[in-house]
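K.L.:
First the structure, then my questions, so here it is.
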Amino acid sequence: MSHPPAPTSSEPQGELVIRTIAMPADTNANGDIFGGWLLSQMDLGAAIYARNLSRSRVTTVAIDAMTFIAPVYVGDIVSCHATLLKVGRTSMRIAVEAWAQRTKGGELVRVTAGVFTYVAIDDAGRPQPVHRT
Ligand SMILES: CC(C)(COP(=O)(O)OP(=O)(O)OC[C@H]1O[C@@H](n2cnc3c(N)ncnc32)[C@H](O)[C@@H]1OP(=O)(O)O)[C@@H](O)C(=O)NCCC(=O)NCCS
């Protein structure tokens, strides 16, 4: 099994799976971006990766090692990057990291990391084997 990218990387690791802008509607009571929004971006991005890999519907079965490293601010460009760690019989384990590009200065900051597991499912929602293409 391969391991998640080194936490000290100075640039994004893995395939770009989603890129968006953090909006005022996504803030928490501190005025920073709500962690749940960021988590959902990571989940969406990794699901796109898993779906493309398996050519199948997928569902999230587990999220591990989720870390919030730095805040995200309104206006930051947020990108999520996915690295495949393991393909099982029906599951796919994917490391995901999110990076924020700051509005002022354009600095790129690693803001989260986590490991998401997806299961390939059939039309009835039952696990089905991952057939990599
Ligand atoms: C995902 C789901 C279809 C799996 O069904 P299941 O009956 O538990 O299936 P299995 O026990 O055969 O497990 C399927 C695979 O998932 C893996 N898995 C199950 N639970 C896991 C967990 N907690 N963490 C990591 N992997 C897990 C199994 O190891 C297996 O992998 P493999 O086939 O590669 O060896 C079912 O649990 C489900 O529908 N969960 C809800 C998913 C959902 O709604 N997600 C969105 C959350 S909002």
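K.L.:
Pairs needed: first member in the range 64-87, within 11 Å of ALA113 (Cβ to Cβ); second member anywhere, open to solvent by 60 Å² or more (accessible area, probe 1.4 Å) and part of a strand (DSSP E or B); C-beta distance under 7 Å; at least 6 residues apart or different chains.
P.N.:
Listed pairs, sorted by first residue: HIS81/GLU15; HIS81/LEU16.
K.L.:
Just to confirm my filter: which strands (runs of 3 or more DSSP E) fall fully inside the range 42-133 and include at least 2 residues that are open to solvent by 50 Å² or more (accessible area, probe 1.4 Å)?
P.N.:
Ranges flagged: 57-68, 77-87, 91-101.
The values are calculated or read from the model by the stated rules, or taken from the named source; none is laboratory data. Since the structure is predicted, the reported quantities are computational estimates derived from the model, not experimental observations. As a convention, Cβ positions derive from the backbone with ideal geometry for all residues, glycine included, and neighbour counts pool all protein chains shown. Accessible surface is based on the protein model in full, side chains and every heavy atom, while ligands, DNA and RNA are left aside. Shrake-Rupley method; radii C 1.70, N 1.55, O 1.52, S 1.80 Å.
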